[in-house]
Amino acid sequence: MDFIYYIISGILVIASILPLIPSQHRIFRVFDFGKIQILVLLLLVFSLAFFLVENKTLPWSIVQFVLAGFIIYDVFLLIPYFPFFPRDTQKIPPKHSPGVSILSINVYQFNQEYQRLIDLIKALQPDLVLTMESTVRIGKMHFLFSKMIILFM
């Protein structure tokens, strides 16, 4: 059981250290998206170690200290997002300016049913149309709509 504890603790420490490295590569950023899950696992491993690890030696104490450090770090990092944390919100009076409507749509690149997209645009009449995965043929539709901006990605 001690071996499993050290392996899981090592993985959690690595998952906590990697986001601290200033790089935008996905290897370093992937664990930013699971901070809550990592915190829960850190708490679970930290607390269960008191009951399940048999040899509570110096390495165990060091690992527990490191786990506690990352628990504290993650709690301070995540506490502003907890519902009980007070928020600085201000009531902003509504402005009565005209709104802008946007249609953002992911068009499957091998889709040949152009008329469905044309019908949707005509029905909604958005000010801005943003299409993702669109082809050159869909890009040629802009002449059908004169009052709106159409962006193709």
Quiz item: Among the residues of region 92-117, which ones are more than 30 Å from the chain's Cα centre (by Cα) and either at pLDDT 80 or above or outside any loop (DSSP other than H, G, I, E, B) (or both)?
Solution: Tyr114, Gln115, Arg116
Quiz item: Does Leu124 satisfy the condition of being surrounded by 10 or more Cβ atoms within 10 Å (Cβ to Cβ) and farther than 30 Å from Leu42 by Cα?
Solution: yes
Quiz item: Taking the condition more than 18 Å from Phe3 (Cβ to Cβ), of a type in the set (Gly, Ala, Ser) and without any contact (Cβ under 8 Å) to a residue 60 or more places away in the chain, does Ser61 pass?
Solution: no
Exercise. Looking only at region 97-119, decide whether some residue is more than 30 Å from Met132 (Cβ to Cβ) and free of Cβ contacts under 8 Å to residues at least 24 places away in the same chain.
Key: no
Quiz prompt | Identity of the residue in region 118-145, β-branched (Val, Ile, Thr) and either within 15 Å of Ser104 (Cα to Cα) or assigned to a loop (DSSP other than H, G, I, E, B) (or both), that ends up modelled with the lowest pLDDT | solution = Ile138
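The values are calculated or read from the model by the stated rules, or taken from the named source; none is laboratory data. Remember, it's a predicted structure, so these values are computed and weren't measured experimentally. No Cβ is skipped: glycine too gets one built from the backbone with ideal geometry, and neighbour counts run over all protein chains shown.
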